[in-house]
Amino acid sequence: MVKSIVKVFTSLRLTVVCLSLGILLVFFGTLAQVNEGLYNAQDRWFRSFFVYWSPPGSNFRIPMFPGGYLIGTVLLINLIAAHIARFQLTWKKLGIHITHAGIILLLAGQLATDILSKETQMSFAEGETKNFSVDPQSTELVLITDSATPDQEKVVAIPEGMLVRGGEIRHPELPFTVNMKAWHINADVRQRAPMVDTNPPPTTAGHGRNITLIPLTEAKKMNEYNVPAAIFELTGADGSLGTWLAHGKLRDQEIIAGGKTWRMTMRFERVYHPFSVELLKTTHEVYRGTDSASNPGGIPKNFQSRVKIENPRRRESREVDIYMNNPLRYEGLTFFQHQMGRDELDQARGTSTLQVVRNPSWVAPYAGCAVVGGGMVIQFMMHLVGFIGKRRAS
Amino acid sequence: MYLRQLSRHAASISRWAPAIVVLALLSALAGCKKEEIRVYVAPKEKPAPTRTAAHDSGPRPHAHYTVPGGWTEVEPGAMRSARFSVPGSVGNLDVSILPLPGVTAGQLDIVNLWREQVRLEAVSESDLGGLAEKVRIGEKEGELFDMVSNDPMIEDKHKARILVAMVKDGDTSWFIKMTGEDESVRQQKPVFTDFLRSISFDYSAHGTEVAKTAAPGAEVKPAWAVPKNWKEVEPTQMVLAKFIASGQGDAKAEITVSVFPGDVGGVHANVNRWRGQIGLPAASDSEMKSIIQPLDAPGGGAILVDMSGENLGTKARTRLIGAIVPDGGRTWFYKMMGADAVAEAEKPALIRFIQSAKHSNNG
């Protein structure tokens, strides 16, 4: 038994099988992005142990291909097991050991990136200051009330996953339970038109009474976002507080419960930072003469955001330029210039979106490549030196 | 020999087994990030800096007009400058005047937006000219679009019709719209076009006339004696002042004061609006006589109503005590709404509060 397990996990055939499956996975996973969208395909093909398929109209799932996590884990175990089983502490194999260590570092680093990294965005118009960034792939239902200090507020954020699962949601901080009635992955809202919208409104309380909800298909393109909608009933100590609609386009709604006033809204998940960033100026330059009828914007030459960072903890206040290939690295975060535009209501005012990435293991791929390269050079040089020595001797 | 080699491999792997297990667990963890409710304290958001003057600051444009017979002026809401309810054969027709300063959207988009409301296909720029009728709006020439649905949309029996007149006056686009059942709107069309001719646009913010017609937000609170146990809170939109009176436990009542130009549709329409807020059916003119009581307030002509119904959300028993106080060219609305016991206890205080208010036109 032990013998066969060891044989399987130390086998070079397993390595070849894993690498071949990896190639196929990358090929099909990339093609799948056309129909499934970038983020859905990433989750289904690469961030999973199996790629499942459901027969149309059924609920059960059939695993049809190993997912990225399974192939990566087996490959990592295979690499380590083979390395240990064939390990010989000799100077002759130093280069090979170092190369293997580099590959292990690459695989482990990718795993750490997957677990630990977080990608968010900070969008603002000139003159605006932000102390948080948002994750546009993740929505949450937030309930906000006053905190003990006047310039702060307490936020209870219910993540999208819990809303999708439905049922009853309780939390000790909330004076009511949230009972999910309906969830739409993507929807639009519009004001109910008198005499035209004759169906009953979607809710009995809040803005939902004056709104018509229009369910939309899921957004799958990279530059499109879903705006989900949730309909739920709130039940306080004295009974129902009515059914409510939460949607990203609606203004905050007031709920009075448990002697406190709460504000409720649906928004992208927020990550707060201990410093603030103010957008001072945006610069959008194009190559002269490249604007034409088919491409009125021209070919972009430079996107640049001048921002001011205020960090009371460090007593720091400084201005920085962020532009293409010149990100700002600050407090463990990297700020990349992502998008640039104009304020919809005020065309004279520039807007900018920075991509904010927290990736504690960002050094791993660089270090892994360097170690692999170093190991290969050492192994090659040892062979070369040995070969030259032998030729001289003969 | 082979067995010995194998056992050596097995032994060396077993030494590394914990590391392999940890790695496998780590990768498993990556697949199942647990989602849970987050609770955190965050700094209150600073309001965004004001946009250009055309959008937020400055006086709101408003219109002057002659209200046709049979039309009732109702509360316009945040965006509209005026709104009317017109009796029709199937429900009431809705007429609104909407000024949009600095609107840059094309006429085509706006027409198609309304066509969508009556489930008509979007039209192209070239078709647009053929759909517009020339119409007089005050002293300007505007365009009138007359759209009727192909399918029955009202109670699934009657077609819906929208009349929209639009004109650009300086930086402001004005939209005057009538919506309702096809036949009723068709009959009202001559009245609507007469109404359009009576409109004049006003962008001023000064002088006594404007003080009466400016948005409620521009009002200054009158001198009044607020009962000591009432707690003043931040008023919401369209409300001049808001107070909370608390009773035993969680029981409380909310007192709001608002002021609007004109008579805002008259006493009956507003009492019925209040009845709707506590789930009561609209009262007929004869029933009104028993509902409305006179109220002794400076200036004369004030009325008081005291009604019990239910909270539309919680279905809890709710009392509404309201007063309508005419004040020269405008009308003050005082409303106390909330738990029965609190409203009963605070009713004398509310009346004293109303009587203490020194409205601008009654000294």
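Computed log10 I(q)/I(0) for region A:296-347 at 0.13, 0.30 Å⁻¹: -0.44, -1.21, from the Debye equation with unit scatterers placed on every C-alpha and solvent omitted.
For region A:9-73, the convex hull spanned by the alpha carbon atoms encloses 85 Å³ per residue.
Think of it as helices only: each DSSP H run of n ≥ 4 in the protein assembly as shown is worth -39500 (n - 2.57), and spread over all residues that comes to -9500 deg cm²/dmol at 222 nm. Once the Cα atoms of helix A:12-36 and of chain A are each reduced to a long axis, what angle between those two axes, in degrees from 0 to 90 to the nearest 10, is obtained? Between the helix axis and the principal axis of chain A, the angle is about 30 degrees.
Is the shape of region A:136-270 rounded, prolate or oblate, going by the alpha carbon gyration tensor and its root eigenvalues a ≥ b ≥ c, with a/c under 1.5 for rounded and a/b larger than b/c for prolate? Walk me through the intermediate numbers first.
Values: a/c = 1.71, a/b = 1.26, b/c = 1.36.
Oblate is the answer for region A:136-270, as a/c is 1.5 or above yet b/c matches or exceeds a/b.
Translational diffusion of chain A was estimated from the Stokes-Einstein equation, with Rh taken as the Kirkwood radius over Cα pairs; at 25 °C and 0.890 mPa s the coefficient is 94 µm²/s. Partner lysines whose Cα lies under 16 Å from the Cα of residue A:390, excluding those fewer than 8 positions away in the same chain, are identified as A:92. Taking every alpha-carbon pair under 8 Å whose residues sit at least 6 apart, region B:212-356 reaches a relative contact order of 24 percent. Given a 1.4 Å probe and the protein chains as shown, residue B:64 ends up with an accessible area of around 60 Å².
At 0.36 nm per residue, and after removing the present C-alpha to C-alpha distance, how many nm does the segment from residue A:383 to residue A:30 gain when stretched out fully? Spell out each step's value before the answer.
Values: separation 353, 0.36 × 353 = 127.08 nm, distance 3.97 nm.
Extra length available between residue A:383 and residue A:30 comes to 123.1 nm.
Averaging the sequence gap over all C-alpha pairs within less than 8 Å and six or more residues apart, then dividing by the number of residues, gives chain A a relative contact order of 18 percent. Looking at this model, which pairs from A:130/A:281; A:154/B:315; A:260/B:228 are more than 19 angstrom apart at the alpha-carbon? Table pairs above 19 Å Cα-Cα are A:154/B:315; A:260/B:228. Between residue B:44 and residue B:282, the FRET efficiency from the beta-carbon distance, with R0 = 45 Å, is close to 0.60. As a fraction of the 1.4 Å probe accessible area of region A:103-194, surface on carbon and sulfur atoms comes out at 51 percent.
The accessible-area loss of region B:308-326 on complex formation, taken against its chain alone with a 1.4 Å probe, reaches 10 Å² or more at B:312, B:313, B:314. Computed with a 1.4 Å probe on the full set of protein chains, the accessible area for residue A:180 sits at about 20 Å². Total buried accessible area between A and B, probe 1.4 Å, nearest 100: 5000 Å².
Show me the three semi-axes of the equivalent ellipsoid for region A:249-394, from the C-alpha gyration tensor (sqrt of 5 times each eigenvalue), largest first, rounded to whole Å.
Working: eigenvalues 482, 150, 52 Å².
The equivalent ellipsoid of region A:249-394 has semi-axes of 49, 27, 16 Å.
Take the Cα of residue A:3, step 7 Å toward its Cβ, do the same at residue A:302, and the gap between the two points is 7.2 nm. Once the 1.4 Å probe is applied to the protein heavy atoms, the protein assembly as shown comes out at 54 Å² accessible per residue. Against the main long axis of the alpha-carbon atoms of chain A, helix A:363-393 sits at an angle near 10°. The residue B:148 and residue B:340 beta-carbon pair, evaluated with R₀ = 41 Å, returns a calculated FRET efficiency of approximately 0.30. A Förster distance of 45 Å, applied to the separation of the beta-carbon atoms of residue B:156 and residue A:39, puts the FRET efficiency at 0.65.
Carbon and sulfur: what percent of region A:251-394's accessible surface (1.4 Å probe)?
Values: 4960 of 8960 Å².
It is 55 percent, rounded to a whole number.
The mean sequence separation of alpha-carbon pairs under 8 Å and at least six residues apart, normalised by the residue count of region B:281-326, gives a relative contact order of 31 percent.
In region B:123-171, the residues whose accessible area drops by at least 30 square angstrom when the other protein chains are added to the isolated chain are B:153, B:154; the probe is 1.4 Å and only protein heavy atoms count.
By the gyration tensor of its Cα atoms, with a ≥ b ≥ c the square roots of the eigenvalues, what is the shape of region B:62-203: rounded for a/c under 1.5, prolate for a/b over b/c, or oblate? Note, shape of region B:62-203 comes out oblate. Label-to-label distance for residue B:290 and residue B:121 is 5.7 nm, based on points extended 7 Å past Cα in the beta-carbon direction. Here's the picture: a label point sits 7 Å out from the Cα of residue B:234 along the beta-carbon direction, and within region A:153-176 the residues with their amide nitrogen under 18 Å of it are A:153-156. Translational diffusion coefficient of region B:212-356 (Stokes-Einstein, Kirkwood radius from Cα pairs, 20 °C, 1.002 mPa s): 137 µm²/s. Just the protein heavy atoms count here, and of the accessible area of region B:62-203 at 1.4 Å, carbon and sulfur take up 47 percent.
Computed log10 I(q)/I(0) for the protein assembly as shown at 0.06, 0.10 Å⁻¹: -0.55, -1.25, from the Debye equation with unit scatterers placed on every C-alpha and solvent omitted.
Please give the length that would be gained between residue A:391 and residue A:17 if that part of the chain were fully extended, namely 0.36 nm times their separation in residues minus their C-alpha to C-alpha distance (nm, one decimal). Don't jump to the answer; show the numbers that get you there.
Details: separation 374, 0.36 × 374 = 134.64 nm, distance 3.93 nm.
Stretched fully, the residue A:391-residue A:17 segment lengthens by 130.7 nm.
So how exposed is residue A:218, as accessible area in Å² (1.4 Å probe, rounded to 10)? Roll a 1.4 Å probe over it and residue A:218 shows about 70 Å². Please name whichever of A:336, A:381, A:250 sits farthest to the positive end of the charge dipole of chain A, dipole taken about the Cα centre and charges placed at Cβ: Lys and Arg +1, Asp and Glu -1. Checked the options; the winner is A:381.
The values are calculated or read from the model by the stated rules, or taken from the named source; none is laboratory data. Everything numeric here is computed off the predicted structure, so don't read it as measured data. Positions of Cβ are backbone-derived with ideal geometry, glycine not excepted, and every protein chain shown enters the neighbour counts. Ligands, DNA and RNA are stripped out before the accessible areas are found, and what is left, the full protein with its side chains, is counted by its heavy atoms. Shrake-Rupley method; radii C 1.70, N 1.55, O 1.52, S 1.80 Å.
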